[in-house]
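Asks: Quick one: this structure, given as structure tokens, is what I'll be asking you about.
The values are calculated or read from the model by the stated rules, or taken from the named source; none is laboratory data. Quick caveat: nothing in here was measured; it's all calculated off a predicted structure. Here the Cβ positions follow ideal geometry from the backbone for every residue, glycine too, while neighbour counts run over all protein chains shown. Surface accessibility is based on the protein's heavy atoms, side chains included, excluding ligands, DNA and RNA. Shrake-Rupley method; radii C 1.70, N 1.55, O 1.52, S 1.80 Å.
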Amino acid sequence: MHGGPALGIGDDCALLRPNAGLELALTTDMLVEGRHFARDVEPRSLGHKSLAVNLSDLAAMGAAPRWALLAIGLPAADPAWLEKFAEGFFALAQRHGVALIGGDTTRASLRTISITAIGELPSGVGLYRSGAQAGDDIWVSGELGGAALALRRPDIAEAAQRLHWPEPRVELGERLRGLARSAIDLSDGLAGDLVHILERSHVAATVEYERIPRAAFFKTLGDAGLERDCVLSGGDDYELAFTAAPAKRAAIESLGRELAVPLTRIGTTQTGEPRLVVRDARGAPIDHRGGYDHFGAP
């Protein structure tokens with residue numbers, strides 16, 4: 001059991017006392033109204049998601065979440081809205097043992113939420129993007145594309161659930177230490193995020209499109225182009241993509257069964273320039289766009 005902060009809310013700064021032999025992992029994410037969420041989004045789900053996206057980053061590093069700082073800008077003080085937002089935030093925080101240790105509030109023209117999350121992990125065992133080696137298997141957790149579909153088909157309840165209530169793979173990230181060589185969380189789409197690993201690790205990769213796990217509701221839509229774009233390039237999945245040596249396959253499959261989290265092997269890395277090739281069932285390359293563009297049209 002980890003200890004609390006040396007000094008929490010109430011002073012100009014919080015003070016942390018990391019446990020002996022552990023490193024601190026820090027991450028921050030910002031959500032802006034009109035860019036990352038709609039004006040009429042349900043505040044409880046927004047409170048959950050604003051913390052979840054940060055915990056997903058910690059999971060990708062293999063870190064256990066410990067503390068968070070919350071800065072929020074609002075057009076006006078709205079106690080009812082804040083109460084619901086806090087319910088969603090603290091429900092997830094309590095589930096993962098995260099303590100809120102500070103933050104800030106101010107008036108802003110649009111609702112803006114910025115969270116810094118802090119975790120701990122043993123020294124030298126982080127899941128870096130730079131750790132992949134040629135010949136590694138490429139794995140993903142869960143299913144991809146559902147959240148992106150919800151932006152186009154908000155009437156599909158299961159897709160909307162994945163968009164507004166993502167589940168960070170916290171325990172999986174911690175348990176992948178010693179199994180995975182590299183990892184990244186899929187916030188901006190598989191095709192875009194996986195390339196970050198390739199660039200940092202100086203390897204190429206081939207992914208088999210038919211192996212990529214996706215929700216069953218895509219089959220009922222009968223739109224192969226939409227499905228492909230959501231699965232390869234849609235954002236907001238907050239699953240983990242990671243690479244591992246082929247010798248680790250049995251251990252990873254066993255871990256997936258133990259955690260009841262689907263873990264699917266979708267491709268391999270190779271020597272070569274950092275480049276992702278996605279192939280269809282016949283082995284032909286599939287054209288695809290990159291991931292989410294943070295400065296493109298909303």
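Asks: Checking the structure you have, find out if any residue of segment 30-42 is touching a residue at least 60 places away in the same chain (Cβ under 8 Å), of a type in the set (D, E, K, R) and in contact with a His (Cβ under 9 Å, 6 or more places away or on another chain).
Replies: yes
Asks: Out of LEU70, LEU74, LEU7, LEU22, which single residue is at pLDDT below 90, touching a strand residue (DSSP E or B) at 6+ places or on another chain (Cβ under 7 Å) and either open to solvent by less than 70 Å² (accessible area, probe 1.4 Å) or not polar (S, T, N, Q) (or both)?
Replies: Only one candidate qualifies: LEU7.
Asks: Which of the numbered conditions does VAL278 fail, given that it passes all the others? Conditions: (1) over 24 Å from GLY173 (Cα atoms); (2) modelled with pLDDT under 90; (3) buried (at least 17 other Cβ atoms within 10 Å of the Cβ).
Replies: (2)
Asks: Which fully enclosed strands (runs of 3 or more DSSP E) of segment 67-162 have 1 or more residues being polar (S, T, N, Q) and under 30 Å from THR220 (Cα atoms)?
Replies: 137-141
Asks: Would you pick out the residues in segment 77-97 that are among the hydrophobic types (A, V, I, L, M, F, W, C), in contact (Cβ under 8 Å) with a residue 24 or more places away in the chain and open to solvent by 20 Å² or more (accessible area, probe 1.4 Å)?
Replies: Hits for segment 77-97 are TRP81, LEU82, ALA86, PHE90, ALA91.
Asks: Where the second residue is surrounded by fewer than 20 Cβ atoms within 10 Å (Cβ to Cβ) and among the hydroxyl-bearing types (Ser, Thr, Tyr) and the first is touching a residue at least 60 places away in the same chain (Cβ under 8 Å) and more than 24 Å from GLY135 (Cα to Cα) and lies in segment 230-258, which pairs have Cβ atoms under 6 Å and are six or more apart or on separate chains?
Replies: From residues that are touching a residue at least 60 places away in the same chain (Cβ under 8 Å) and more than 24 Å from GLY135 (Cα to Cα), the pairs are GLY235/TYR292.
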